[in-house]
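Enquirer: Right, I'll just put the structure down here and ask away after.
FYI, it's all coordinate maths here, none of it is from the lab. Bear in mind the structure is a predicted one, so any value in this text is a computation, not a measurement. Note that each Cβ is placed from the backbone with ideal geometry, even for glycine, and that neighbours are counted across all protein chains shown.
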Amino acid sequence: MIQSEGIILASQSPRRKQLLEWSEVPFTVVVQSTDESYPAGLSFEDTAIHIARNKALTVQKDHSFTIPVLAADTIVVLEDSVIGKPSDREDAIAILSALSGKIHRVITGVVILLNEKEVAFADTTEVSFHQLTKEEIVFYVDKYQPFDKAGAYAIQEWIGVVGIQSVSGDFYNVMGLPVSRVVQALKQL
């Protein structure tokens with residue numbers, strides 16, 4: 001069990017909140033606007049960690065917390081390209097069309113800060129989509145509007161249930177937080 005004071009979650013993601021609730025980790029959400037840019041030349045894993053670190057540091061520096069601050073950032077990588085959140089309906093359709101019938105990686109960078117201590121890691125999960133029809137993709141985008149999701153999909157929604165062929169790695173990482181690994185890291189702090 002995690003200490004009764006819990007942690008600060010530096011994220012407004014409803015999926016991260018849900019995963020922490022499921023794990024019975026008490027938390028308070030504190031979010032601040034954060035620059036999500038990153039230096040060129042970082043590995044995909046280091047890119048996700050860099051963005052997560054910026055989120056955690058931004059929240060930590062503006063408050064005097066004596067409990068851990070947890071931040072995460074999830075990126076989707078197809079071949080050698082980072083796929084972000086779609087800008088609009090057409091972009092979401094194009095992203096899902098590119099993922100259709102292929103394997104991609106979901107990488108979540110996690111940073112936990114407690115005073116001067118830092119735990120940072122990236123977790124990678126490979127996801128393979130079935131070949132999706134244009135009608136399936138349009139149905140999903142129009143019904144679920146995945147505009148706030150990296151890769152334009154949520155594994156726990158319809159497209160994950162019918163469109164994903166296999167998952168290799170932590171399923172919950174694809175939802176946005178490798179929660180089991182996070183809980184282990186919090187215990188060590």
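Enquirer: Modelled label-to-label distance, SER87 and GLU157, 7 Å Cα→beta-carbon offset: nm?
Expert: 2.0
Enquirer: With 27 Å as the cut-off, how large is the P(r) tail for the chain, expressed as percent of Cα-Cα pairs?
Expert: Tail of the P(r) past 27 Å holds 28 percent of the pairs.
Enquirer: Something else about it: Ranking request for peptides 30-42, 131-143, 164-176: highest mean number of other beta-carbon atoms within 10 Å first, then the rest in descending order.
Expert: 164-176, 131-143, 30-42
Enquirer: Under the classification rounded if a/c is under 1.5, otherwise prolate if a/b is larger than b/c and oblate if not, where does the stretch 65-114 fall, given a ≥ b ≥ c as square roots of the Cα gyration tensor eigenvalues?
Expert: Since a/c reaches 1.5 and a/b is larger than b/c, the shape of the stretch 65-114 is classed as prolate.
Enquirer: Still on this structure: With a point put 7 Å past each Cα toward its Cβ, work out how far LYS134 is from GLN18 in nm, to one decimal.
Expert: Inter-label distance under the simple model: 3.1 nm.
Enquirer: Using the crude model of +1 on Lys and Arg Cβ and -1 on Asp and Glu Cβ, and no other charge, please compute the dipole size for the stretch 7-188 relative to its Cα centre, in debye to 20.
Expert: The dipole magnitude comes to about 380 debye.
Enquirer: What percent does the relative contact order of the chain come to when contacts are Cα pairs within less than 8 Å and at least six residues apart?
Expert: 23
Enquirer: Residues in the stretch 98-128, backbone N under 13 Å from the label point at GLN165 (7 Å along the Cα-to-beta-carbon vector): list them, ranges by number please.
Expert: Hits in the stretch 98-128 for GLN165 at 13 Å: 99-104, 127-128.
Enquirer: Give me the number: length gained by fully extending SER37 to GLU118, i.e. 0.36 nm times residue separation minus the C-alpha to C-alpha distance, one decimal in nm.
Expert: 27.1 nm
Enquirer: Using the Kirkwood formula on the Cα atoms of the stretch 22-128, what hydrodynamic radius do you get, in angstrom to one decimal?
Expert: 15.3
Enquirer: Under the rule of -39500 (n - 2.57) per DSSP H run of 4 or more residues, summed and divided by the residues of the chain, what mean residue ellipticity at 222 nm is obtained, to the nearest 500 deg cm²/dmol?
Expert: -11000 deg cm²/dmol
Enquirer: With point charges of +1 on the Cβ of Lys and Arg and -1 on the Cβ of Asp and Glu, referenced to the Cα centre of the chain, which listed residue (GLY84, TYR140, SER11) lies farthest in the positive direction of the dipole?
Expert: SER11
Enquirer: Choose one of GLY101, VAL111, GLN156: the residue whose Cα lies farthest towards the positive end of the charge dipole of the stretch 63-162 (beta-carbon charges +1 Lys, Arg; -1 Asp, Glu; about the Cα centre).
Expert: GLN156
Enquirer: Among 92-98, 180-186, what's the highest-first ranking by average C-beta atoms within 10 angstrom per residue?
Expert: The most tightly packed comes first, giving 92-98, 180-186.
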